[in-house]
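Here is the structure we will look at, set down as structure tokens.
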Amino acid sequence: QGGWVDDMGLLAQGDVDPTVSSIKVRLHRLGYRRFPLYGPIFGPDLRRQVQRFQTRHGLRPDGVVGPQTFLTLGGLKGEVFPDDHSQEPV
């Protein structure tokens, strides 16, 4: 791997960054929809959906978007999950 993804840093709850908007749109397209779709603010609802995504894809469900989560988000072209919130992490 390496390159620009490793240089992107970490995005977590409380962060305000333009990349957060892109993450929201990507997760929304994959069926994770329990957060405000627009805006650069990484809120608690987005953290919970990132955790759900991470759990489903064998990543550590810490709710932080780092290089592995970012790569996994980008590598899931067209994959859609139902908006099922019955097994949300705490």
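Heavy-atom accessible area for ARG56, with the other protein chains in place and a 1.4 Å probe, reaches approximately 100 Å². VAL64 sits among other residues whose Cβ lies under 11 Å from its own Cβ, and their net charge, with Lys and Arg +1 and Asp and Glu -1, is 0.
The values are calculated or read from the model by the stated rules, or taken from the named source; none is laboratory data. Predicted model, so just to flag it, every value in this text is computed and none were measured. Note that each Cβ is placed from the backbone with ideal geometry, even for glycine, and that neighbours are counted across all protein chains shown. Heads up: the accessible areas ignore ligands, DNA and RNA and are worked out on the full protein's heavy atoms, side chains in. Shrake-Rupley method; radii C 1.70, N 1.55, O 1.52, S 1.80 Å.
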